[in-house]
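Written out below as structure tokens is the structure these notes cover.
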Amino acid sequence: MISIDSNVLVYAFKTGDANHLVARETMEKLLNQKEQIAFTDIVMFEFIAQVTLKLGSVPAPSPAQALAQLENWLSAENVSVIRNSPKNFATFNRLCVETGRTGKKFMTRRSQQYVLITE
């Protein structure tokens, strides 16, 4: 399972961003593969907060526009939503101990973006 970072979602959504094309292509590839993709509740909240934030004189997308894009991604057959729970935290703890990974080693380079590999 691959858990998407909110930055990838933001870049894929914001057409004027320098990372837009890579992020959009990455999302298209991930959403059309067989491997499961996870959206955590925190990542979804971060996405909505970031893309609807007005910066400078450029109008920000409305929450409805951001939510429509999020719903589009969530409609892919290989997508699931992971909610924070004690069980998820226990799994995270176990994986930390088993792998011995720390800091940035939790991330792995894949498809030109950073993703967090989970169970």
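The values are calculated or read from the model by the stated rules, or taken from the named source; none is laboratory data. Owing to the predicted nature of the structure, the values given are computational and were not obtained by experimental measurement. Quick reminder, even Gly has a Cβ in these numbers, built from the backbone with ideal geometry, and neighbours come from all protein chains shown.
In the set (1) free of Cβ contacts under 8 Å to residues at least 24 places away in the same chain; (2) among the hydroxyl-bearing types (Ser, Thr, Tyr); (3) closer than 20 Å to Ile2 by Cα, the condition left unmet by Thr40 is number (1). In the set Glu77, Glu98, only one residue is at pLDDT 85 or above, more than 15 Å from the chain's Cα centre (by Cα) and of a type in the set (D, E, K, R); that residue is Glu77. In the set (1) without any contact (Cβ under 8 Å) to a residue 24 or more places away in the chain; (2) under 13 Å from the mean Cα position of the chain (by Cα), the condition left unmet by Gly56 is number (2).
Taking the condition at pLDDT below 90, surrounded by fewer than 11 Cβ atoms within 10 Å (Cβ to Cβ) and of a type in the set (S, T, N, Q), does Ser85 pass? Against the criterion (at pLDDT below 90, surrounded by fewer than 11 Cβ atoms within 10 Å (Cβ to Cβ) and of a type in the set (S, T, N, Q)), Ser85 qualifies.
For the stretch 4-57, a tally of residues being surrounded by fewer than 17 Cβ atoms within 10 Å (Cβ to Cβ) and in a strand (DSSP E or B) returns 1.
Take the conditions assigned to a helix (DSSP H, G or I), modelled with pLDDT of 90 or more and crowded, with 18+ Cβ neighbours inside 10 Å and apply them to Ala68. Does it pass?
Taking the combined requirement at face value, the residue does not satisfy it.
Look at the stretch 1-22: where a residue is among the basic types (Lys, Arg) and a partner is surrounded by fewer than 16 Cβ atoms within 10 Å (Cβ to Cβ), sitting 6+ places away or on another chain with Cβ atoms under 7 Å, you get Lys14/His20. Candidates Ala49, Ala12: the one that is among the small types (Gly, Ala, Ser) and within 13 Å of the chain's Cα centre (by Cα) is Ala12. Is it true that Thr91 is in contact with a helix residue (DSSP H, G or I) (Cβ under 9 Å, 6 or more places away or on another chain), touching a residue at least 24 places away in the same chain (Cβ under 8 Å) and on the phi < 0 side of the Ramachandran plot? When the stated conditions are applied, Thr91 does not pass them. Annotation for the stretch 79-87: at least one member residue is touching a Leu at 6+ places or on another chain (Cβ under 8 Å) and of a type outside the set (Asp, Glu).
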